[in-house]
Amino acid sequence: LASLASWNYQEVPKFKLGLCGERVGIDANQDQLIELAKTNGFTAVQPLIWDLSKCDARKLAETKAKLAEMKMVWGAADLSTEFRQTDAIFKDDLKKLPAIAKVLQSAGVTRVATWVMPCHDLMTYRENFRLHSIRLKETAKVLEQFGLRLGLEYVGTKLVWTKMKFPFIHTMDETNELIAVIGQNNV
């Protein structure tokens, strides 16, 4: 821990300290979140899809310029496509994704991220793997059209992946296998 305490994240240019307001209980719009991030020493900020989607082209360009002026960058936006639910919900969300991706692209966002639930009560590992690979591939294809990359986060906590009947992806190797089967360069 002593070495972590003395580590200066600003000396490592490929890492950014990003503020994800919703993750820490901050109820703020995009402009407020950017100001909070800058004031508190963050170098990246989470793009809020629900807020950016309300902006016109001028406002998106202003927000992008404001970040550049503050020497900040966008972190990853949350994936808006609900791929874990029913086929109807997934297909409906997938239809909406191009419009959302276009907004993110206009704002200068380059990354979208989601997490993989490490267990399921009804689907076996292979059934769940097949569902994830098909749906995330379809999602990644849409995102790629707008220059967006898709990051996948595995949840490795044993307490979580053992809480349902069927364990699912919860290691880096398993995540890499899913990425390989998805087969999209932007994942």
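The requirement of being in contact (Cβ under 8 Å) with a residue 24 or more places away in the chain and within 20 Å of ASP93 (Cα to Cα) is not satisfied by GLY156.
This table checks each residue for (1) under 27 Å from THR171 (Cα atoms); (2) touching a Lys or Arg at 6+ places or on another chain (Cβ under 6 Å); (3) open to solvent by less than 60 Å² (accessible area, probe 1.4 Å).
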residue	(1), (2), (3)
GLY21	yes, no, yes
TRP50	no, no, no
LYS59	no, no, yes
ALA76	yes, yes, yes
PHE83	yes, yes, yes
ILE89	no, no, no
LEU104	no, no, yes
ARG111	yes, yes, no
VAL116	yes, no, yes
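For segment 167-182, residues that are under 22 Å from PHE90 (Cα atoms) and open to solvent by less than 50 Å² (accessible area, probe 1.4 Å) total 6.
A quick yes/no check of all residues on (1) open to solvent by less than 20 Å² (accessible area, probe 1.4 Å); (2) in contact (Cβ under 8 Å) with a residue 60 or more places away in the chain; (3) more than 17 Å from the chain's Cα centre (by Cα):
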{"residue": "ALA101", "(1), (2), (3)": "yes, no, no"}
{"residue": "ALA107", "(1), (2), (3)": "yes, yes, no"}
{"residue": "HIS120", "(1), (2), (3)": "no, no, yes"}
{"residue": "HIS132", "(1), (2), (3)": "yes, no, no"}
{"residue": "LYS137", "(1), (2), (3)": "no, no, no"}
{"residue": "ARG149", "(1), (2), (3)": "no, no, no"}
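Is it true that LYS165 is under 30 Å from CYS55 (Cβ atoms) and basic (Lys, Arg)? No, not satisfied. Each residue in segment 63-72 was checked for being open to solvent by 90 Å² or more (accessible area, probe 1.4 Å) and either in contact with a strand residue (DSSP E or B) (Cβ under 9 Å, 6 or more places away or on another chain) or in a helix (DSSP H, G or I) (or both), and 2 pass. The helices (runs of 4 or more DSSP H) falling completely within segment 79-187 that include 1 or more residues that are aliphatic (A, V, I, L, M) and modelled with pLDDT of 95 or more map to 87-107, 125-144, 172-182.
The values are calculated or read from the model by the stated rules, or taken from the named source; none is laboratory data. Small disclaimer: the values here were computed from a predicted structure and weren't measured. We place every Cβ from the backbone using ideal geometry, glycine too, and count neighbours over all the protein chains shown. Heavy atoms of the whole protein, side chains included, go into the accessibility calculation; ligands, DNA and RNA do not. Shrake-Rupley method; radii C 1.70, N 1.55, O 1.52, S 1.80 Å.
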